[in-house]
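All remarks here apply to the structure that follows.
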Amino acid sequence: MGSQKYALAAFLEGRCPHAVYLRWLDRKARAHVKRDRKRGNAGANREAYMVAIHAAVLASGGLDEYTGAPLAWEQISSWDNEASRAGRRAYKKTFADLPTVDHVGDGSGSASFVMCGWRTNDCKSDLSRDEFVEFCRSVVAHHDEVEAARPNAPAPDGRRP
């Protein structure tokens with residue numbers, strides 16, 4: 001793997017060693033190629049996926065594509081299976097902002113990705129960007145309706161009656 005080809009982004013300096021980044025990049029590319037080939041994308045290949053994922057990392061500026069929140073780049077390749085078994089949900093929750101790779105499309109075409117946090121990717125699942133945004137809007141709208149209907153609900157300015 002050419003280290004110059006996959007130079008460490010400035011926002012990763014001091015947060016993620018280059019060797020760890022290269023290993024992560026290779027592993028993510030391999031995992032997505034394997035998944036996409038199972039889904040019928042015979043043209044998926046590791047090198048193209050590495051290039052596309054690296055481009056997504058650089059384009060992210062270190063932030064979640066959907067929320068704009070900073071991603072925890074120092075956490076890549078740090079998952080501990082034993083700690084996960086012991087801590088379960090509480091352990092996984094500490095990785096909510098772990099950078100993950102999200103397909104822009106359905107994975108059937110050329111490699112195109114964005115970066116987001118693990119929590120975001122879990123919520124988004126297989127939804128398209130537009131479907132995910134519409135879903136989030138419906139969650140917020142419902143939440144606002146429920147809150148407004150509650151007795152002693154705060155006024156729009158935050159004051160309680």
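Among the numbered criteria (1) surrounded by fewer than 12 Cβ atoms within 10 Å (Cβ to Cβ); (2) closer than 27 Å to Pro17 by Cα, which single criterion is violated by Arg89?
For Arg89, the exception is condition (2).
Show the residue pairs meeting these rules: Cβ distance below 6 Å; 6+ apart or different chains; first residue within the stretch 26-51 and in the same structural domain as Gly109 (by TED's automatic domain parsing) and under 15 Å from Gly109 (Cβ atoms); second residue among the polar types (S, T, N, Q) and at pLDDT below 95.
Asn41/Ser108
Would you mind stating whether Leu71 is touching a helix residue (DSSP H, G or I) at 6+ places or on another chain (Cβ under 8 Å) and of a type outside the set (Val, Ile, Thr)?
Criteria met by Leu71.
If we keep just the residues of the stretch 110-124 that are in a loop (DSSP other than H, G, I, E, B) and modelled with pLDDT of 90 or more, which is surrounded by the fewest Cβ atoms within 10 Å (Cβ to Cβ)?
This residue is Ser112.
For the stretch 1-109, list the helices (runs of 4 or more DSSP H) that sit wholly inside it and hold at least 3 residues that are of a type in the set (Lys, Arg) and out of contact with any Asp or Glu (no Cβ under 8 Å at 6 or more places or on another chain); which are they?
18-38, 81-93
Mind counting the residues in the stretch 14-35 that are modelled with pLDDT under 95 and of a type in the set (Asp, Glu)?
Residues meeting the conditions: 0.
For every residue, the table says whether it meets (1) within 18 Å of Cys116 (Cα to Cα); (2) surrounded by 14 or more Cβ atoms within 10 Å (Cβ to Cβ); (3) of a type in the set (S, T, N, Q).
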{"site": "Trp24", "(1), (2), (3)": "yes, yes, no"}
{"site": "Arg30", "(1), (2), (3)": "no, no, no"}
{"site": "Asn45", "(1), (2), (3)": "no, yes, yes"}
{"site": "Ala52", "(1), (2), (3)": "yes, yes, no"}
{"site": "Ala69", "(1), (2), (3)": "yes, yes, no"}
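The values are calculated or read from the model by the stated rules, or taken from the named source; none is laboratory data. Only a predicted model underlies this, so the values are computations on that prediction, with no experimental measurement involved. Methodologically, a virtual Cβ is constructed for each residue, glycine included, from the backbone with ideal geometry; neighbour enumeration extends over all protein chains shown.
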